[in-house]
1. Determine whether residue 183 is assigned to a helix (DSSP H, G or I) and at pLDDT 85 or above.
2. Return the pairs, sorted by first residue and then second, in which the second residue is at pLDDT below 90 and among the hydrophobic types (A, V, I, L, M, F, W, C), the first residue lies in the stretch 102-124 and is under 19 Å from residue 27 (Cα atoms) and in a loop (DSSP other than H, G, I, E, B), the beta carbons are less than 6 Å apart, and the residues are 6+ apart or on different chains.
3. Evaluate the following for residue 176: is it at pLDDT 85 or above, buried (at least 16 other Cβ atoms within 10 Å of the Cβ) and either outside the structural domain of residue 260 (by TED's automatic domain parsing) or hydroxyl-bearing (Ser, Thr, Tyr) (or both)?
4. Collect the residues in the stretch 108-150 that are at pLDDT below 70 and surrounded by fewer than 14 Cβ atoms within 10 Å (Cβ to Cβ), keeping them in residue-number order.
5. Yes or no: residue 267 modelled with pLDDT under 90 and among the aliphatic types (A, V, I, L, M)?
6. Can you pull out the residues in the stretch 225-254 that are surrounded by 17 or more Cβ atoms within 10 Å (Cβ to Cβ), closer than 18 Å to residue 171 by Cα and touching a residue at least 60 places away in the same chain (Cβ under 8 Å)?
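The values are calculated or read from the model by the stated rules, or taken from the named source; none is laboratory data. Quantities reported herein were computed from a predicted structural model and do not represent experimental measurements. Note that each Cβ is placed from the backbone with ideal geometry, even for glycine, and that neighbours are counted across all protein chains shown.
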Amino acid sequence: MNEIITQKSKKERKANLLSAEEIERRVMRAFKVIGSEAVLPSKILEDIFEIRHDNIIRMIEREVKRLDLLTSEMRSQNSKSDPSEMRSQFFIESTYKSRGKDYKQYLLTEQGFMFISMGMNNIVGSAYRMVLTKLFYKMRHTIIENKLRVEYNKKYPIVIEARKSGKEVRRNLTDTIQKYIIVERIKDGKTKNQHIYTNFSRLLNKIVGVEVPKCVETRDLLDKEVLDKVNQIEQIMAETIEKCAKDGMHYKDIYKAVKRHLEEWDLVLKLHL
C-alpha cells in the first residue's frame with residue numbers, strides 16, 4: 001500500500017497533534033453500531049489523520065478491489081464465496097450529508113481500519129493508529145456489556161415499570177421542546193431541527209454520567225435508581241424550558257439556561273451525598 005501524506009510540513013503536523021482525550025471524544029461520538037459490530041465513518045479520519053477524504057476513499061477502494069479479487073479466486077474453488085459478504089467484513093459503502101448534498105464515504109470495521117491505517121505512515125498516522133485501535137477495542141467490549149445489561153433489565157418488573165413511567169416524562173419533554181423551541185425556530189425559517197432533541201439528550205447523558213452508542217436507547221441500559229434520576233432530570237428540563245419561554249427568554253438562550261440549571265442542580269446533589 002502506497003504511503004499517502006498531506007502537503008503540510010512536519011512542523012505543522014506536530015503543532016496540530018490532537019490529544020488522546022480529544023481523539024476519544026470525536027471518535028466515540030462518531031462510532032455507529034451495525035448488528036454487534038462498531039464501525040467508524042471514513043470521513044472522521046480526514047481531520048484526525050490530516051489526509052484528504054478523497055485520498056482515504058481511494059485507499060479504501062484499492063483495498064476493496066483486492067478483496068474482490070481474492071474472493072473471485074476463492075469462488076473458483078468454493079462457489080459459496082460472496083464478494084459483498086467478504087467486503088462488508090472490512091468496508092461498508094455509505095454516505096454523509098454536507099450542505100444538503102450526499103457524499104460518498106465508507107464505514108470501517110475494526111479489521112477495515114487496520115487495513116488502511118497501515119498506509120497512513122505520516123507522523124500523524126503513526127501517532128494515532130494505536131489510539132484508535134484501543135477505541136475499537138473499548139467499543140467492542142461496550143457493545144457486549146450493553147447487550148448483557150439490556151437482557152438483564154428486560155427480566156425485572158421493577159425496571160420495566162420505571163421505564164414505562166419514564167416514557168410519559170420523556171413525551172412531556174419532547175412536547176415542551178417542540179412547543180417552545182422548535183416552533184419558534186420554524187418561525188425564524190429554520191427547517192433542520194432534529195439536532196435540538198439530540199443536544200438535550202446528550203446533556204441528559206452527561207449529567208447522568210452514561211455513554212450510549214447511537215443504536216441503543218438510553219433507558220435500555222439503566223437500572224431502577226438511574227432511571228428514576230433520568231425521569232427527574234427530564235422533568236426539570238421540561239419545567240425549566242417552559243419557565244424560560246414564559247419569562248420571555250429567546251429560544252436560542254434556553255438550552256444554555258437549562259444546562260446551567262442542571263449543572264447547579266447536579267452539584268448541589270453531589271454535595272449532599
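1. Spelling it out, residue 183 is indeed assigned to a helix (DSSP H, G or I) and at pLDDT 85 or above.
2. Final answer for the pair search is 120/49.
3. Considered against the rule, which asks whether it is at pLDDT 85 or above, buried (at least 16 other Cβ atoms within 10 Å of the Cβ) and either outside the structural domain of residue 260 (by TED's automatic domain parsing) or hydroxyl-bearing (Ser, Thr, Tyr) (or both), residue 176 comes out as yes.
4. 126, 148
5. yes
6. 227, 230, 231, 234, 237, 238, 241
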